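Below: one structure, written as structure tokens.
Every read-out reported here was derived from the displayed coordinates using simple, explicitly stated rules and does not represent laboratory data. Because the structure is predicted, anything quoted here is derived from the model rather than measured. Please note: Cβ atoms are built from the backbone with ideal geometry, for glycine as well, and neighbour counts cover all protein chains shown.
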Amino acid sequence: MADQDLPQPQTTPDERFAALEERFGADLIEARVGERGPDFLVEPERLPEFVAALREDFLAEPHLFVDACGVEREVFLEVVYRFSLVGRSEIVTVRAQTPKENPVVASLSGLYPGALWPEREYAEMYGITVTGHPDLRHLLLPEGWAGFPLRKDYRYPLEHPYLAPDPLREDPIQALGHRPEAETETTTA
């Protein structure tokens, strides 16, 4: 399929940005075109409303929810959502930043069911409260795990059984109870 056969946007990014900036005002903190496509920074409580508006304009053509993740920055936590426009190389990124002390963002799982597990993951690993999410049980760690392992200030509890030293890795000869090379020497002699 040639490039001229691919669907082309009917408005320019500047026109689309202007409409979103007018609608969301100060809640749309940043709107720019990055290397991979449009990149938006929005207030966390307006995240679902903003993405719903994006579906009407930027994402009006066929698109896919790609992924969501958490990121720890110097003084805040950030959630990042990416959407791919089908048939185009453009990736639309939507970010929201929340303070580390009380991190809260609104869920996109009502708009995109594919966001359910990534939101559970960043809630579990970074301690971000995801309002409106139907099931925030732990996804990767056992229930009752204390702390948030992907935060830079997290200290792993070395007494935890999942983090105990592995005797096979530490001293394989002692763990196996014999010397494998001794067997090789006797069989070749």
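Side notes on the structure shown:
- Projected label points at Ala146 and Arg32, each 7 Å from Cα along the beta carbon direction, are separated by 4.1 nanometres.
- Each Cα pair under 8 Å and six or more residues apart adds its separation to the average, and for region 10-148 the resulting relative contact order is 19 percent.
- Given their separation in residues at 0.36 nm each and the Cα-Cα distance between them, Glu74 and Glu15 gain 17.9 nm when the chain is fully extended.
- With contacts taken as Cα pairs under 8 Å and at least 6 residues apart, region 44-120 reaches a relative contact order of 33 percent.
- Under the Karplus curve 6.51 cos²θ - 1.76 cosθ + 1.60, θ = phi - 60°, whole-Hz ³J(HN,Hα) for region 96-112, x wherever Gly or Pro sits: 9, 10, 9, x, 5, 5, 9, x, 9, 9, 8, 6, 9, 5, x, 8, 9
- Region 10-148: radius of gyration and largest Cα-Cα distance (Dmax), Å: 15.2, 51
- Derived scalar couplings between HN and Hα for region 25-30 equal x, 5, 6, 9, 6, 8 Hz in order, rounded to whole Hz, by the Karplus curve 6.51 cos²θ - 1.76 cosθ + 1.60 (θ = phi - 60°), x for Gly and Pro.
- Efficiency of FRET from Cβ geometry, Ala52 and Asp135, R₀ 22 Å, rounded to 0.05: 0.55
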